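Derivation of every value follows stated rules applied to the coordinates shown; laboratory data play no part. Note that the structure is a prediction, hence the values are computed from the model and not measured. Backbone-built Cβ (ideal geometry, glycine too); neighbour counts: all protein chains shown.
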């Protein structure tokens with residue numbers, strides 16, 4: 001072996017060993033130092049509240065006990081493990097806990113993503129793709145359960161794609177990942193749905209005499225994954241609960257994270273999608289029909305719901321990695337596959353890097369207090385309502401989580417699957433579209449004592465001019481109206 005070849009192999013080993021670790025630590029430190037950006041969704045409040053309830057009662061909820069509009073209605077959590085984890089770290093470190101936990105999950109996602117890509121691309125390309133994936137996902141990177149499930153999603157799909165690229169059945173060691181995913185977040189149904197198209201890739205690329213064997217092995221894996229997804233406190237109801245979220249009809253076009261992508265403006269997603277099309281034309285990229293179906297499916301999901309853009313960002317490169325790498329370097333099967341740095345070197349470096357990251361965490365936490373975004377924490381307004389002993393508060397959608405965390409029953413919150421399509425659509429018609437008759441009907445039907453709405457809500461302007469209602473308080477976060485004593489209920 002020549003010196004140049006030996007040096008190349010040594011370099012590949014070091015890259016394969018350290019690149020994912022360094023990329024993950026870099027992502028962790030970035031999101032830690034910008035951690036307030038992870039605290040921008042009031043759903044985090046009720047997720048932590050539910051998690052604390054599970055810890056305190058050593059059970060999972062089966063009915064609602066946080067609202068007064070659906071009190072006692074059937075409801076199950078689709079993220080019990082994530083809620084427990086967030087509640088535990090919040091109890092220990094307040095808001096620093098969820099920030100650190102979410103940052104660690106993002107770091108693990110990046111590390112796994114880079115590791116899988118490093119089998120096909122050079123280090124610079126892997127880092128570039130990871131940065132692009134993070135930029136595309138930035139709008140949805142929040143201290144919520146789906147972030148804790150992201151590394152599992154990438155590992156699950158990456159493991160299946162790697163097996164398909166080898167024209168082999170997936171390892172049964174992936175099945176515990178599905179059980180973990182099902183306990184972390186309801187998005188595990190995506191993992192189940194992707195089994196069939198990935199299996200088709202393996203079958204299409206295999207020799208005809210092996211296809212029956214592969215079909216049976218992939219079918220066995222799919223059955224195992226379905227059983228693994230039921231390894232939760234709710235059993236098979238976990239599947240039903242996750243499916244219920246997707247059955248909200250027109251409501252999905254109103255809730256911001258479920259809205260379709262908006263191409264009226266030009267952003268990272270639009271640029272990435274157009275760039276992907278341009279790359280296909282420029283390189284003349286040829287894909288098998290099953291891989292085309294999978295690519296189109298991921299693109300459709302991202303176009304249909306903006307919350308699916310992170311799946312597009314992290315999974316599409318894994319699907320396209322081998323075909324692109326093979327076309328760029330037709331004489332090379334992989335870039336660094338099969339190489340790894342010596343175990344003692346990797347262990348020592350890992351300890352040093354992780355230790356430095358933890359020291360940075362402790363140092364940063366000692367002089368920085370993480371704060372939830374003010375627009376979703378109407379603390380002064382809620383304290384005033386408590387003093388007035390208001391019992392039935394008509395609240396803006398984004399205030400539901402904070403009310404629950406404050407021990408105040410909510411009119412509505414982020415659990416849209418609990419309230420149902422009609423209820424939430426009626427609510428949005430009244431609050432966001434300023435339909436006076438609808439607003440008055442809801443206020444009377446639910447015997448509302450006070451309202452807690454965002455200042456720019458059309459319903460605020462309506463209540464300012466409605467007889468029987470009086471503006472009591474207003475600040476930058478919220479406006480309170482109370483029903484006058486002589487007003488009819």
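With the cut-off at 1.5 for a/c, could you classify the range 35-84 from its C-alpha gyration tensor as rounded, prolate or oblate? Walk me through the numbers on the way to the answer.
Working: a/c = 2.49, a/b = 1.46, b/c = 1.71.
Oblate, because a/c is 1.5 or more while a/b does not exceed b/c.
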#### Entry: Label-point gap, in nm, between residue 167 and residue 57 - each point 7 angstrom along Cα→Cβ
5.5 nm
### Query
Angle, helix 211-229 long axis vs. longest principal axis of the chain, Cα atoms, 0 to 90°, nearest 10?
30 degrees
### Task
Please determine, in degrees from 0 to 90 and to the nearest 10, the orientation of helix 3-33 with respect to the longest principal axis defined by the Cα atoms of the chain, where the helix direction is its Cα long axis.
0 degrees
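Let me make sure I get this right: for the range 374-483, a, b and c are the square roots of the gyration tensor eigenvalues over alpha carbons, sorted descending. Under 1.5 in a/c it's rounded, otherwise prolate if a/b > b/c, else oblate. Which is it?
Working: a/c = 1.42, a/b = 1.07, b/c = 1.33.
Rounded, because the longest to shortest axis ratio a/c is under 1.5.
Using mean Cβ contacts within 10 Å as the protection proxy, how do 362-370, 158-166 order, highest first? Can you show the working numbers first?
Values: 362-370: 11.9, 158-166: 21.7.
Output ranking for 362-370, 158-166: 158-166, 362-370.
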### Message
If you restrict to DSSP beta bridges whose two residues both lie in the range 345-489, what percentage is antiparallel, to the nearest 5?
### Response
75 percent
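When the chain is fully extended, how far beyond the present Cα-Cα distance does residue 388 get from residue 475, taking 0.36 nm per residue of separation?
Details: separation 87, 0.36 × 87 = 31.32 nm, distance 1.75 nm.
So the extension gain works out to 29.6 nm.
Let me know the shape class of the range 186-309, please: from the alpha-carbon gyration tensor, a ≥ b ≥ c as square roots of the eigenvalues, rounded when a/c is under 1.5, otherwise prolate if a/b is greater than b/c, or oblate. Intermediate results must be reported in sequence, preceding the final value.
Values: a/c = 3.51, a/b = 1.08, b/c = 3.26.
The shape class here is oblate.
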### Query
Given labels modelled 7 Å from the Cα in the Cβ direction, how far is it in nm from residue 231 to residue 436?
6.0 nm
### Query
If R0 is 41 Å, what FRET efficiency do you get for residue 466 and residue 247 from their C-beta distance, rounded to 0.05?
0.70
### Bridge type composition, the chain - antiparallel percent by DSSP, nearest 5
70 percent
### Helix 175-184 vs. the chain, principal-axis angle (Cα, 0 to 90°, nearest 10)
20 degrees
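Using only DSSP helix segments of four residues or longer, with each worth -39500 (n - 2.57), what per-residue ellipticity at 222 nm results for the chain after dividing by its residue count and rounding to 500?
Working: 21 runs with 297 residues, N = 489.
Mean residue ellipticity, 222 nm, calculated: -19500 deg cm²/dmol.
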### Message
Report the gain in length on full extension from residue 223 to residue 124: 0.36 nm times residue separation, minus Cα-Cα distance, nm rounded to one decimal.
### Response
31.8 nm
## Note on the structure
For the range 121-277, inverting the pair-averaged 1/r of distinct alpha-carbon atoms gives a Kirkwood value in Å of 17.7 Å
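How big is D for the range 366-414, in µm² s⁻¹ as a whole number, if Stokes-Einstein is applied with the Kirkwood radius of its Cα pairs at 10 °C and 1.306 mPa s?
On the way: Rh = 11.6 Å.
In µm²/s, the coefficient rounds to 137.
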### Message
How high is the relative contact order of the range 383-442? Use alpha-carbon pairs under 8 Å, at least six apart in sequence, and give a whole percent.
### Response
22 percent
